[in-house]
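Peer 1: Dropping a structure here in structure tokens format, bear with me for questions.
The values are calculated or read from the model by the stated rules, or taken from the named source; none is laboratory data. The shown structure was predicted, so the numbers you read here are calculated from the model rather than taken from an experiment. Backbone-built Cβ (ideal geometry, glycine too); neighbour counts: all protein chains shown. We work out accessible area using only protein heavy atoms, side chains counted, and drop any ligands, DNA or RNA first. Shrake-Rupley method; radii C 1.70, N 1.55, O 1.52, S 1.80 Å.
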Amino acid sequence: MTTPLQIAIDAKRDDLIALTRDLIRIPTLNPPGENYRDICDYLDKRLRSHGFETQQIRAKGTPGDSEKYPRWNIVARREGRMAGDCVHFNSHTDVVEVGRGWTVDPFGGEVKDGKIYGRGACDMKGGLAASIIAAETFIETHPDFLGAIEISGTADEESGGYGGVAYLAEQGYFDPKRVQHVIIPEPLNKDRICLGHRGGWWAEIETKGEIAHGSMPFLGDCAVRHMGAVLTAFEDKLFPAMAARRTEMPVVPEGARHSTMNINSIHGGQPEQDDDFTGLPAHCVPDACRIVIDRRFLMEEPLDQVRAEVTALLEGLKSTRADFDYELTELNSVLPSMTDQDAPVVQTVARAIEDVIGQPPQYVASPGTYDQKHIDRIGKLKNCIAYGPGILELAHKPDEYVGIDDMIDSAKVMGAALQSLILAKDD
């Protein structure tokens with residue numbers, strides 16, 4: 001049955017398109033963290049015009065924060081007529097690098113064939129726009145709601161969230177006494193509820209060597225060859241062991257139900273020269289080689305085990321390979337997070353999906369981490385999910401887009417969830 005709220009959201013289709021395009025056209029690239037204040041100013045003006053009280057909060061001293069690239073966040077709150085629960089919609093405003101292969105302007109917000117294109121369209125400015133339209137329309141349709149609605153636009157999710165949600169959680173913005181329900185409109189498909197994510201462990205491994213003339217490598221010790229032995233050990237032992245493990249978490253896509261590891265980067269020997277350098281390399285044996293590893297682990301794998309497994313392979317090489325030496329530096333770690341399927345926000349959004357889309361939701365978990373980790377671990381707020389428009393596999397890809405109909409449907413689901421969570425029973 002079509003509700004007045006759904007009809008009102010349909011009527012805001014042009015507004016939703018314009019809002020999404022405006023957000024895409026603010027190039028909030030991270031790294032380094034560009035135009036965070038600009039997008040916060042835009043959201044501030046928009047939300048104040050709809051009765052929200054706003055705060056712009058700089059996460060001073062967090063990774064990446066500087067006078068050139070300050071980490072700005074916005075939190076907007078609209079109080080209801082009486083006390084009640086607070087529903088918070090959190091979206092990150094940063095986007096990743098553009099990359100190659102685009103056939104449209106990455107920051108043009110082009111509309112074509114029912115889709116809006118641009119970097120961040122799917123991940124996750126389309127979700128941010130849908131949550132704003134849902135909240136504004138709900139307030140217009142039900143001005144006497146109870147409790148409060150919050151909307152936040154936060155920095156740095158793409159690089160860990162420490163200048164965004166983590167900082168806000170440390171300041172008490174996700175205290176369960178202040179906020180009771182959190183929906184993060186990440187692009188997990190409009191008929192899915194994302195309950196959580198796998199864990200992550202990032203580390204740098206450096207192998208040591210000795211510099212010498214390249215014509216006499218026997219007088220030195222090639223660190224790149226030592227790194228080759230590390231990679232061989234990973235291929236022969238670690239990757240098969242990870243592939244044999246499978247989680248009970250409903251992680252999508254299927255390949256992410258297993259433990260995984262990516263080699264993010266590798267570098268050994270002389271630094272790369274500028275593009276305009278026309279000379280030849282010097283003849284040297286590399287005395288250092290470094291890789292960065294990105295290890296995603298399952299709820300069933302303790303973090304200590306993840307660390308120990310890599311360390312054991314390195315120590316094994318040290319005991320069997322002549323002159324092998326290494327240094328292992330942990331860069332970051334994130335524990336898995338998982339909300340119970342019977343949590344209030346899960347059940348409420350599930351009913352809303354069934355009402356709006358006409359089918360029960362699929363419950364999933366994300367292959368990568370997102371800001372739920374900070375709301376859970378720092379904020380101690382468990383009643384949190386990711387739900388929003390967009391196709392997960394389009395994130396970070398060239399010609400990224402979000403479907404307009406998907407945004408409309410997701411906005412209707414979010415609006416229906418607000419009706420269930422903070423609407424007076426006699427309204």
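Peer 1: Select from the stretch 143-158 the residues that are among the acidic types (Asp, Glu) and within 22 Å of the chain's Cα centre (by Cα) and write down the one among them that is farthest from ARG46 (Cα to Cα).
Peer 2: Applying the filter and picking the extreme gives GLU158.
Peer 1: Is it the case, given these coordinates, that ILE375 is at pLDDT 95 or above, under 30 Å from GLU309 (Cα atoms), in contact with a strand residue (DSSP E or B) (Cβ under 7 Å, 6 or more places away or on another chain) and β-branched (Val, Ile, Thr)?
Peer 2: Working: at pLDDT 95 or above: yes; under 30 Å from GLU309 (Cα atoms): yes; in contact with a strand residue (DSSP E or B) (Cβ under 7 Å, 6 or more places away or on another chain): yes; β-branched (Val, Ile, Thr): yes.
When the stated conditions are applied, ILE375 passes them.
Peer 1: Out of GLY61, GLY101, I need the residue that is open to solvent by 40 Å² or more (accessible area, probe 1.4 Å) and either touching a Pro at 6+ places or on another chain (Cβ under 9 Å) or β-branched (Val, Ile, Thr) (or both). Which one?
Peer 2: GLY101
Peer 1: Would you confirm whether any residue within the stretch 415-427 is under 19 Å from the mean Cα position of the chain (by Cα), part of a helix (DSSP H, G or I) and closer than 28 Å to TYR167 by Cβ?
Peer 2: No, there is no match, as no residue in the stretch 415-427 is under 19 Å from the mean Cα position of the chain (by Cα), part of a helix (DSSP H, G or I) and closer than 28 Å to TYR167 by Cβ.
Peer 1: A further question on this structure: In the stretch 360-403, which residues are part of a loop (DSSP other than H, G, I, E, B) and either among the polar types (S, T, N, Q) or under 11 Å from the mean Cα position of the chain (by Cα) (or both)?
Peer 2: PRO367, GLY368, THR369, TYR370, ASP371, ASN383, ALA395, HIS396
Peer 1: Can you tell me which residue is surrounded by the fewest Cβ atoms within 10 Å (Cβ to Cβ) among those in the stretch 169-189 that are out of contact with any strand residue (DSSP E or B) (no Cβ under 8 Å at 6 or more places or on another chain) and among the acidic types (Asp, Glu)?
Peer 2: Ranking the qualifying residues of the stretch 169-189, first place goes to ASP175.
Peer 1: List the helices (runs of 4 or more DSSP H) inside the stretch 136-251, counting only whole elements, that have at least 2 residues being without any contact (Cβ under 8 Å) to a residue 24 or more places away in the chain and farther than 30 Å from ALA282 by Cα.
Peer 2: On the way: elements: 165-170, 223-233, 239-243.
Where helices (runs of 4 or more DSSP H) fall fully within the stretch 136-251 and carry at least 2 residues being without any contact (Cβ under 8 Å) to a residue 24 or more places away in the chain and farther than 30 Å from ALA282 by Cα, they are 239-243.
Peer 1: For ARG296, work out the one condition from (1) open to solvent by 60 Å² or more (accessible area, probe 1.4 Å); (2) part of a strand (DSSP E or B) it doesn't fulfil.
Peer 2: So ARG296 meets the others, but not (1).
Peer 1: Under 7 Å by Cβ, and 6 or more places apart or on different chains, what pairs join a residue from the stretch 96-110 that is without any contact (Cβ under 8 Å) to a residue 12 or more places away in the chain with one that is in a loop (DSSP other than H, G, I, E, B) and of a type in the set (A, V, I, L, M)?
Peer 2: Sorted first by the residue in the stretch 96-110, then by its partner, the pairs are GLU110/VAL104.
Peer 1: Then there is this: In the stretch 25-42, which residue that is in a helix (DSSP H, G or I) and touching a helix residue (DSSP H, G or I) at 6+ places or on another chain (Cβ under 8 Å) is least open to solvent (accessible area, probe 1.4 Å)?
Peer 2: Filtering first and then ranking leaves ILE39.
Peer 1: Would you please name the residue that is surrounded by the fewest Cβ atoms within 10 Å (Cβ to Cβ), looking only at residues in the stretch 205-241 that are under 17 Å from LEU313 (Cα atoms) and hydroxyl-bearing (Ser, Thr, Tyr)?
Peer 2: So the residue we want is THR232.
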